[in-house]
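The values are calculated or read from the model by the stated rules, or taken from the named source; none is laboratory data. Note that the coordinates shown come from a computational prediction; the quantities given were computed from them, not determined experimentally. Glycine gets a Cβ as well: all are built from the backbone with ideal geometry, and neighbour counts include every protein chain shown. Accessible surface is based on the protein model in full, side chains and every heavy atom, while ligands, DNA and RNA are left aside. Shrake-Rupley method; radii C 1.70, N 1.55, O 1.52, S 1.80 Å.
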Number of protein chains: 2
Amino acid sequence: MSAPLLIASNRGPVSFEEDDSGALVECRGGGGLVGVAGASEAARAQWVCAALSAADRRAVREGRVPTGVTMLDLDPEMFDRAYNRVANATLWFVAHLLFDTASAPSFDARTARDWAAYRSYGAAFAAALAAEAAPGAAVLVQDYHLSLTPRQLRELRPDLRIGHFSHTPWAPPEYFALLPDALAREVLLGMLGADAVGFHSARWADAFARCCVQVLGADYADGVLRHEGRSTRVDVHPLGVDAAGLRARGAQPDVQSRLPHLRELVGDRQLVLRVDRTELSKNLVRGLEAYRELLRSRPQWRRRVVHLAFAYPSRHDLPEYRAYTREVQRVAREVNEQYAEDGWLPVHLEVRDDHPRSLAAYALADVLLVNPLRDGMNLVAKEGPVLSTSGVSLVLSSQAGAADELGADAHVVNPFDVAQTAEALHEALSTPAGLRAERSARRAAAASAMPPTAWLAAQLAALA
Amino acid sequence: MSAPLLIASNRGPVSFEEDDSGALVECRGGGGLVGVAGASEAARAQWVCAALSAADRRAVREGRVPTGVTMLDLDPEMFDRAYNRVANATLWFVAHLLFDTASAPSFDARTARDWAAYRSYGAAFAAALAAEAAPGAAVLVQDYHLSLTPRQLRELRPDLRIGHFSHTPWAPPEYFALLPDALAREVLLGMLGADAVGFHSARWADAFARCCVQVLGADYADGVLRHEGRSTRVDVHPLGVDAAGLRARGAQPDVQSRLPHLRELVGDRQLVLRVDRTELSKNLVRGLEAYRELLRSRPQWRRRVVHLAFAYPSRHDLPEYRAYTREVQRVAREVNEQYAEDGWLPVHLEVRDDHPRSLAAYALADVLLVNPLRDGMNLVAKEGPVLSTSGVSLVLSSQAGAADELGADAHVVNPFDVAQTAEALHEALSTPAGLRAERSARRAAAASAMPPTAWLAAQLAALA
């Protein structure tokens, strides 16, 4: 009962690995939370997260988790059901409209058991937060893994000020209705246990509010949802990047040392770059198909462009993701078989995760391809222009939250429209250097308008 | 230039076959349009439709198409692209939220060619209607195949009063946005060429209006869309059945002669019936899985129930439909392998189309299972109670338009929730005969509240 500010998320700011000798090694963050972790440290938040691996569990048991982090060693079977089956295979798919509806989802007798695990998982976070929060403390609960936690926490500690933030999009009510009725209600009621819920884009915030109105009969006016005598603010806080911190990171030796190899690979060609997890919503296959269509319909770019596609492993526990990874590899191979010439390989697909290499590639890219089917925000679109040396064109999906802020200076595309995406790549490659640099600079400014520190502060202000 | 009332639809009220001797045989209708065809004949409408088969084309060339019907002999390749690739593989999938979005749709260089065919197809109807319509005539254009026709026709004949009716659901704007932007606009502008557009349910009408507001920036107030100086009414006309006509049809010998075999098949068990095309949106696989779950979780029904599943062939030109048909057959076989006992086969799956047999089965059914993922209306849910001899329980998807009118007296289910559907089957089977008959009678009354004649009249009144 001491922390005045707490953050809760499935993945925490630290994780652990075992080195070759079997010793525990502490790793700092990864992905979009890195910046938030730095900001939270500055704000002296207590961070509650789950142990995600055997090494994490060992760290918990051996007392190796650093001050400021509470890592929950949860029952592995409960965690698997909550994390893989409910959060990632159901709620993520709903938010991103990813279901092959003729066959999935299918809620059957196992659903109740999985859902009970998801409820227990959320309750474990609520219990830990309740135990550590000072009277009247502010608690910022992150994302779809923890949609039930705000209400569970409020029941334990009505004195707390609770916020929830969704890093994903939110589904329109017609699609959210795929969920079993009782579960749909429980998700919404869980989040309405918060005093404020936040989203990266007004589109997702509006969709959430409409779901509450239609499913729960909540009242929505002036950005506030009222239901069962309680009020919950609905806010939009578009997370940006810490430009200075990111540039400092980009200047470090592990990033700089990747540059020569990349420069050699690109040569005097233009570089079309993508950096993504191999995630269904990231739309890598259509991205490669658009690049193929570019080479077909605009043959002047053959030999004059290289596509570097970083496609890092993701969620290989789910069969859809393994199949998708194979499909990405197949299309990349096909493009190379079709168009490669002596001394020119059109596509370089890299599946080995290497964050410093990604940052180095941002510096060199001429065109950044960010074409998700649907994306809460997309930080790649924001990091790219910040790290670009001489300006980068951006081909950006209209369905990414980032399009709200960057769309005016990007080539905005419908992510399902391969022909349009190919034409956008052509236009992006054709943009004169001066104009490209100008637009890139405007995007870099927009991308850093709300860095993680300001983003955290905005959420806290909403709870004040 | 003589007809005061015209109806346009892809499939017309008559079709042709060749008998064993090669002679042309005229067939009357099929599916939901039968009743409408009868009503339209009474209203002396001129019906414009497409030739759908080689026999239809021959009938056109030999002048065998009856008075009152104009059958268009369109270029087969243009028809294939417009009908299969655009209407059925794209617009139908959008309306029913059927895409496996990670891989489909993918709009590429072929899309422009297919879309041009769809535009030509709509224009051919517009030209035929323009040629046949009397000055100031009313023209009722049917369904998603002909979304562009109202505007095309208006350009030719601004004097006409034009209505469009969608027999499908309509997608929410977030899903409608899957379409390439220019095509999405063209569909909406095409339909807004009408003076009135109609839908089976307020849900679909609202979704259409929201698409027009979001995509076109149209203004929507008091049930009227205003755009580019024109006004289009948005109406809800929930098509029902002609109870007297349907009962007369059920009394005919070809129907009655099917009864003894069905009675023998059912014996003294309760009959769970479904009647559907093998269409992805009809959700046959989850229906069979729900029946399997019923037998698993409520073993008291084993040997006491028979599931007769009529799954008629549909759209076998599309690979998804062939795969789906195999999946339906696989699950039906599995249920039988798992639960069959001496003298009891749990599932009878019938894939041979036999309309009189369907009507006969309605008379005997104890429970009718209608669980589409999404359905404009669903006339099976309406025909069943009308033809039931002693009352039939209805397990009905919340996502069928028919749920608006029949939901109060049905067991309403989320079509993705197999466990809930199984429990609804249990409740439906457990309903006492008196209550079942009562609820069935109320549904029969609701189902015939707006028979085809009244439905046509309502559309004409909207154009007055």
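Taken across the range B:311-330, residues that are farther than 30 Å from residue B:79 by Cβ and among the β-branched types (Val, Ile, Thr) do not occur at all.
From the list B:146, B:153, the lone residue that is at pLDDT 95 or above, more than 24 Å from the chain's Cα centre (by Cα) and surrounded by 24 or more Cβ atoms within 10 Å (Cβ to Cβ) is B:153.
In the range B:104-120, the residue that is surrounded by the fewest Cβ atoms within 10 Å (Cβ to Cβ) out of those that are modelled with pLDDT of 95 or more and at the interface with chain A (Cβ under 8 Å from one of its Cβ atoms) is B:112. Residues in the range B:312-333 that are open to solvent by less than 20 Å² (accessible area, probe 1.4 Å) and touching a Phe, Trp or Tyr at 6+ places or on another chain (Cβ under 8 Å): B:314 only.
If you take the residues in the range B:266-300 that are of a type in the set (Lys, Arg) and within 11 Å of chain A (Cβ to nearest Cβ), which one is surrounded by the fewest Cβ atoms within 10 Å (Cβ to Cβ)? By that ranking, first place goes to B:296. All told, residue B:124 falls short of being in contact with a strand residue (DSSP E or B) (Cβ under 6 Å, 6 or more places away or on another chain), open to solvent by 10 Å² or more (accessible area, probe 1.4 Å), within 14 Å of chain A (Cβ to nearest Cβ) and under 24 Å from residue B:463 (Cβ atoms).
Filter the range A:314-334 for residues that are hydrophobic (A, V, I, L, M, F, W, C) and outside any loop (DSSP other than H, G, I, E, B) and give the result.
In the first step, residues of the range A:314-334 are kept if they are hydrophobic (A, V, I, L, M, F, W, C); the result is A:318, A:323, A:328, A:331-332.
If the condition is that a residue be hydrophobic (A, V, I, L, M, F, W, C) and outside any loop (DSSP other than H, G, I, E, B), then A:323, A:328, A:331, A:332 are the ones that fit.
For the range A:67-85, residues that are open to solvent by 70 Å² or more (accessible area, probe 1.4 Å) and not acidic (Asp, Glu) total 3. Taking the range A:409-434 as the range and being facing another protein chain (nearest Cβ under 10 Å), open to solvent by 10 Å² or more (accessible area, probe 1.4 Å) and of a type in the set (A, V, I, L, M) as the test, the residues that pass are A:412, A:419. Checking each residue in the range A:165-182 for being of a type outside the set (Phe, Trp, Tyr), more than 9 Å from chain B (Cβ to nearest Cβ) and under 15 Å from residue A:212 (Cβ atoms) picks out only A:166. When residue B:405 is tested against (1) away from every other protein chain (no Cβ under 14 Å); (2) surrounded by fewer than 24 Cβ atoms within 10 Å (Cβ to Cβ); (3) more than 16 Å from residue B:375 (Cα to Cα), only condition (3) is not met. For the range A:174-209, the set of residues classified as open to solvent by 10 Å² or more (accessible area, probe 1.4 Å), farther than 17 Å from residue B:417 by Cβ, of a type outside the set (D, E, K, R) and in contact (Cβ under 8 Å) with a residue 40 or more places away in the chain consists of A:192, A:202, listed by residue number. When B:263, B:249, B:303 are checked against the criterion of being outside any helix (DSSP H, G or I), open to solvent by 20 Å² or more (accessible area, probe 1.4 Å), away from chain A (no Cβ under 14 Å) and more than 30 Å from residue B:318 (Cα to Cα), B:303 stands alone in meeting it. Annotation note: of A:280, A:265, A:225, the sole residue that is more than 18 Å from the chain's Cα centre (by Cα) and closer than 30 Å to residue A:326 by Cα is A:265. Taking first residues from the range B:411-430 that are touching a residue at least 12 places away in the same chain (Cβ under 8 Å) and in a helix (DSSP H, G or I) and partners that are of a type in the set (Lys, Arg) and open to solvent by 20 Å² or more (accessible area, probe 1.4 Å), the Cβ contacts under 7 Å between residues at least 6 apart in sequence or on separate chains come to B:426/B:298.
Quick check on residue B:444: is it touching a Lys or Arg at 6+ places or on another chain (Cβ under 8 Å), of a type in the set (A, V, I, L, M, F, W, C) and over 20 Å from residue B:301 (Cα atoms)? Against the criterion (touching a Lys or Arg at 6+ places or on another chain (Cβ under 8 Å), of a type in the set (A, V, I, L, M, F, W, C) and over 20 Å from residue B:301 (Cα atoms)), residue B:444 does not qualify. For residues in the range B:340-366 being open to solvent by 10 Å² or more (accessible area, probe 1.4 Å) and part of a strand (DSSP E or B), which is nearest to residue B:306 (Cα to Cα)? For the range B:340-366, the residue satisfying everything is B:348.
Please go through the range B:312-358 and give me each residue that is touching a strand residue (DSSP E or B) at 6+ places or on another chain (Cβ under 7 Å), within 14 Å of chain A (Cβ to nearest Cβ) and farther than 19 Å from residue B:422 by Cα, ordered by number. The one that is touching a strand residue (DSSP E or B) at 6+ places or on another chain (Cβ under 7 Å), within 14 Å of chain A (Cβ to nearest Cβ) and farther than 19 Å from residue B:422 by Cα: B:314.
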